[in-house]
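One structure below.
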């Protein structure tokens, strides 16, 4: 398999992150009966972490990169 280019990797990770965040919102709003507005705000914060830190520095999706969260908030 050919090495994935930067744009392809970014697109793949962004798609994976959106699926993760959609699942998070659906689970918390649908099953846990949390407020949709609050969960969307939380998802936006997670999206920022995923897009601004993980994609640029770790090249991991949101679930793979959760162990890096302490580095993100520490910087």
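The values are calculated or read from the model by the stated rules, or taken from the named source; none is laboratory data. On a predicted model such as this, the values are computed, not experimentally measured, just so you know. Don't worry about glycine lacking a Cβ; one is built from the backbone with ideal geometry, like all the others, and counts go over all protein chains shown.
With respect to the numbered conditions (1) more than 12 Å from the chain's Cα centre (by Cα); (2) at pLDDT below 90, which one is the sole condition not fulfilled by residue 8?
Of (1) more than 12 Å from the chain's Cα centre (by Cα); (2) at pLDDT below 90, only one is false for residue 8: (2).
Mind counting the residues in the stretch 18-50 that are under 14 Å from residue 69 (Cβ atoms) and touching a helix residue (DSSP H, G or I) at 6+ places or on another chain (Cβ under 7 Å)?
4
Could you list, in sequence order, the residues of the stretch 19-39 that are within 14 Å of the chain's Cα centre (by Cα) and loosely packed, with under 15 Cβ neighbours inside 10 Å?
Across the stretch 19-39, the qualifying residues are 19, 22, 23.
Name every residue in the stretch 60-75 that is under 12 Å from the mean Cα position of the chain (by Cα) and either within 18 Å of residue 22 (Cα to Cα) or at pLDDT 90 or above (or both), in order of residue number.
Across the stretch 60-75, the qualifying residues are 60, 61, 62, 63, 64, 65, 66.
Going through the stretch 1-13 one residue at a time, which ones are part of a helix (DSSP H, G or I), surrounded by fewer than 16 Cβ atoms within 10 Å (Cβ to Cβ) and touching a helix residue (DSSP H, G or I) at 6+ places or on another chain (Cβ under 8 Å)?
Within the stretch 1-13, 10 is the sole residue that qualifies.
If you go through the stretch 55-68 one residue at a time, how many are without any contact (Cβ under 8 Å) to a residue 40 or more places away in the chain and in contact with a helix residue (DSSP H, G or I) (Cβ under 7 Å, 6 or more places away or on another chain)?
3
Output the residues belonging to the stretch 55-65 that are surrounded by 15 or more Cβ atoms within 10 Å (Cβ to Cβ) and assigned to a helix (DSSP H, G or I).
Result: 55, 58.
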